[in-house]
1. If you keep only loop residues by DSSP, which trypsin sites (Lys or Arg not before Pro) in the range A:74-138 have at most 15 other Cβ atoms within 10 Å of their Cβ?
2. Set the Förster distance to 35 Å, then compute FRET efficiency between A:A15 and A:H44 from the Cβ-Cβ distance, nearest 0.05.
3. So, with +1 on the Cβ of K and R and -1 on the Cβ of D and E, and no other charges, what is the size of the charge dipole of chain B about its Cα centre, to the nearest 20 debye?
4. What residues have an amide H closer than 5 Å to that of B:D66, excluding those fewer than 5 places away on the same chain, when H is modeled at 1.01 Å from N in the peptide plane?
5. Can you compute 3J(HN,Hα) from phi for each residue in the range B:16-29, using the Karplus curve 6.51 cos²θ - 1.76 cosθ + 1.60 with θ = phi - 60°, rounded to whole Hz and x for Gly and Pro?
6. With a Förster radius of 30 Å, plug the Cβ-Cβ distance of A:A7 and B:S59 into 1/(1 + (r/R0)^6) and report the FRET value to the nearest 0.05.
7. Output the Cα-based Rg and Dmax of the range A:81-141 in Å, rounding Rg to one decimal and Dmax to a whole number.
8. Got a sec to turn the phi values of the range A:27-42 into Karplus ³J(HN,Hα) couplings, 6.51 cos²θ - 1.76 cosθ + 1.60 with θ = phi - 60°, whole Hz, x for Gly and Pro?
Amino acid sequence: MSRNASAGNAERAAARRRLYYWSTPALSAVFGVVFLLAFLAGGHPLTGWLALGFMLVLAAGSALLGRFSETVKGLMDRGDERIVAIDQRAITGAAMALVLVLIGGAIVELARGHSGAPFTWLAAVFGLTYLATLTVLRLRG
Amino acid sequence: MELVVVGNSVRALRTGRGLSQAQLAGAMGVSRQTINSIEVGRYTPSLALAVALARYFGSAVEEVFDVQER
């Protein structure tokens, strides 16, 4: 690979990392606005402004913390393969906990003579999403 | 055939060139923690990072990483 091509790849990778890095605080701010609108629509303006404030603090905090913590930076810019792998394992662990809650909740609801909702359809969404993702990733090799 | 990485000479190569973990991490585009984890054998890098490390030190991958059959 030529030096120019290598430098171009490095620049593209750096630009991608910057985009990923700033997407976390940007999404936090966007969700803050969405929460505000939802609370305003629901007739709870004070809670809405508090939610927006919390999300803006979260956005600023994550952007700032990423400057000091390699782990936070790696989680945000997705540039460190080891931290990305740790993140994926953590997501798997959290998903397993969620599955247990969904199954447990469905069993309790069924035992009470109810339909099992919303646990059953949440479990269905989880299962179908997993199967679809598995299929797509499998087909892509 | 299952191969496992049983050790590596990243630390020796790095210190031999007078580099800090942070400097090597910067050159590889990973965190200092990742370089440390590789050096102590807690983390086995991807093929891409292993090749990048080997190229950086002007060595073959198998000269940097000690790979054995399980």
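1. Answer by residue number: A:R112.
2. 0.30
3. 360 debye
4. Sorted by chain and number, the residues that satisfy this are B:V6, B:G7, B:N8, B:S9.
5. x, 9, x, 9, 8, 4, 5, 5, 5, 4, x, 5, 8, x
6. Details: r = 23 Å, r/R0 = 0.77.
Plugging the Cβ-Cβ distance into 1/(1 + (r/R0)^6) gives 0.80.
7. 14.8, 48
8. These are the phi-based 3J(HN,Hα) values: 5, 4, 5, 4, 5, x, 5, 4, 4, 4, 4, 5, 5, 4, 5, x Hz.
The values are calculated or read from the model by the stated rules, or taken from the named source; none is laboratory data. Here the structure is a predicted model, which is why all the values come from computation and not from measurement. Because the Cβ atoms are built from the backbone with ideal geometry, glycine has one as well, and the counts that use them run over all protein chains shown. Surface areas here come from the heavy atoms of the whole protein model, side chains and all, with no ligands, DNA or RNA. Shrake-Rupley method; radii C 1.70, N 1.55, O 1.52, S 1.80 Å.
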